[in-house]
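Report on one structure; see the data block that follows.
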Amino acid sequence: MEPRQALKSVFGFDDFRPGQEAVVRALLDKQNVLAIMPTGAGKSLCFQLPAVLAPGLTVVVSPLIALMENQVALMAAMGVPAATINSGRERADNVAVWRRVQAGGIKLIYMSPERLLDERMMAALKRLPVEHFVIDEVHCVSQWGHDFRPEYLKLAELRENFPGVPIAGFTATADQATRRDIVAKIFDGKARQFALGFDRPNIQLMVEDRRNGPKRVLELLAEHRGEQGIVYCLSRRTVDETAALLNENGFPALPYHAGLDSDTRRRHLDRFLTDPTATVVATIAFGMGIDKPDIRFVFHLDLPSNMEAYYQEIGRAGRDGKPAQAVLLYGLDGIRIRRAMIEESGASAEQKRIEHRRLDALIAYCEASSCRRQALLAYFGEEHGPCGNCDQCLSPSETVDGTEQARAILETIVATGEMYGQIHIVDVLLGRAGEKLLRAGHDRLATYGWGKGRDERYWRSVLRQLYAANVITIDVANYGAVRLAERGRRILGGGETVMLRVDAPRRRAAGAGRKPRGAATALPISAGPEAADDALLVRLKRLRAELARARAVPAYIVFSDKTLIDMAQRRPRDRVAFGQVYGVGERKLAEFADAFLIEIARHEGAGA
């Protein structure tokens, strides 16, 4: 079967999303692959489709049991024999699954890195026709990654133990240092890399002062009344308190965190997927593996851990391409808490240093005096013009010409060899006499003491603003050394100026709360000429919930929201037309067509 045939017959899709087909064909050609695909780009299909077409077994490494279980349920609903072996299941269940694997009855097997690297498991897999190893969330391999896990690093053993089996790594977030580290450690420098663009232009980016944070969340929700979204909080306690506050003020809110029992989490998720007015208040436990297209907003009541985490979390909004809004509430206390969490984490000194540098990048984003999207994309190595859809573009901060201050910093960076961190650069500007500075002879530089008229906080803020404006870069993989970006070299050469913010950055962003602009690139889900019937969509979601409860699976396992929206647009009247709906493959056509066709006919007959 050809890839496009399987795409339609199994997954129910008429065409690939941008970037998917090239990755699929590389895997079918038995190449090692590293794919960096933004949230919502459909990375799971890129390894699931080759697994369907390959004659042998595909082994998928995943970091979370819940994510494994969701993926297996999704595959089963499409008629793909998939399974998981994990510590959350009874031993008898795991044994039964392994017998099916040995008998050739399973196409995809999901497991944790610890389970996979167990000596007995490795020996057993060597006796089977393994087609691919897939490492999901592969950024966990790298100590430069935002979620480094030592057990992931041991996956390098796969290359040695299975020299003829290709390895594929997938992630939504990996900067240049992380990518280099992954390729070196997992692929021994030999992998075909795919990096789709990180830009999500339909998401309006906003940063505001966190003062009166819960009150501000209420104001933001009032601007999005009747729409669905996610409010992210740092702690379980804050989640519970915020959800209670929202409910008290007339906004249906559902708490979601790891401290709730699995039945409560499932009920809250099910309601979120069926109630178009419900908001989830959550820790980062919520969101992975959930492809809900019509989330209109993501609010952060607390500072995320780093840029990668922030990007991943806001990426859950606006997957349908329609306008969405991301608002981050930012304050000194959030920075203090995040710094303390890093120091108290029990990680090595080296890992703590890396996490501090990653937090620095997020702070720089929050302090940006120019387009936020430029700052966000620059972190991932992409250049972008002013977006016109962030707070700084819609209502710019008051700024002054800071070229003189910028040049002083840039001259200091160059004079010190582009090998020192921001603390050292500030020490030079302030004329401090530290032992390392004096030993390097930097007290004899032309800029030594040049910045004494300002305090340390000012110069640190300027450095963060220059980072956000893509004037300088921070080499996370080289002890946080500050280097000149291409724009910095132009400024130093006199070919460009730079503007700096006048006031302290911790303020409510002017223009915040404005409704998001439409995205020029937004596309309809289907070619159906009519808009989705809201009343019919409600009926279809209710039916989906009933079918899901009967099967003891989350509602999105039956059909995604995208599928129901397309169904409400098309209003199919027979099985042939139903088979053309987005996301309806042969298995789901056989299992669900009759029930949904009856519901659509009832709606039509009611004259709605």
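What follows is calculated from the coordinates using simple rules that are stated; it is not laboratory data. Quantities reported herein were computed from a predicted structural model and do not represent experimental measurements. Here the Cβ positions follow ideal geometry from the backbone for every residue, glycine too, while neighbour counts run over all protein chains shown.
Overview of results
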quantity	calculated
Computed lengthening from GLU404 to GLU546, 0.36 nm per intervening residue step minus Cα-Cα distance	44.5 nm
Amide H within-cut-off set for ALA195, under 5 Å, with H built and near neighbours excluded	ILE36
Mean-position separation - Cα centroids, the range 242-278 and the range 310-369, in angstrom	24
Nonlocal amide H pairs with HIS300, under 5 Å, H built at 1.01 Å	TYR232, VAL327, LEU328, LEU329
Computed helical MRE - 222 nm, the chain, DSSP H runs ≥ 4 contributing -39500 (n - 2.57), nearest 500	-13000 deg cm²/dmol
Restricting the range 1-91 to trypsin sites (Lys or Arg not before Pro) in coil, as DSSP defines it, with at most 11 other Cβ within 10 Å	none
Share of Cα-Cα pairs in the range 534-605 lying beyond 16 Å, as whole percent	39
Computed Kirkwood radius, in angstrom, where 1/r is averaged over Cα pairs of the range 303-453	18.0
The range 3-195: proportion of alpha-carbon pairs further apart than 21 angstrom, %	48
For the range 432-446, Karplus couplings with θ = phi - 60° (6.51, -1.76, 1.60), whole Hz, Gly/Pro x	7, 10, x, 4, 5, 5, 5, 4, 7, x, 7, 6, 9, 6, 4
P(r) histogram, all alpha-carbon pairs of the range 203-394 included - 5 Å bins from 0, percent	1, 8, 16, 20, 20, 16, 11, 6, 2, 0
Relative contact order (%) - criterion: Cα under 8 Å, at least six apart; region: the range 232-356	23
J(HN,Hα) series, the range 249-263, from Karplus relation 6.51 cos²θ - 1.76 cosθ + 1.60, nearest Hz, glycine and proline x	9, x, 10, x, 9, 10, x, 8, 7, 5, x, 7, 5, 4, 5
Given charges at beta-carbon only (K, R positive; D, E negative), |dipole| of the chain in Debye	200
Overall Cα dimensions of the chain, principal axis frame, Å, largest first	80, 59, 43
Percent of beta bridges antiparallel (DSSP, the chain, rounded to nearest 5)	15
Loop-located trypsin sites (Lys or Arg not before Pro) in the range 408-495, at most 11 other Cβ atoms within 10 Å (DSSP)	LYS452
Per-residue ³J(HN,Hα) for the range 51-65, Karplus 6.51 cos²θ - 1.76 cosθ + 1.60, θ = phi - 60°, Hz, x for Gly and Pro	5, 5, 7, 6, x, x, 9, 10, 9, 10, 8, 9, x, 10, 4
Loop-located GluC sites (Glu not before Pro) in the range 31-128, at most 12 other Cβ atoms within 10 Å (DSSP)	GLU90
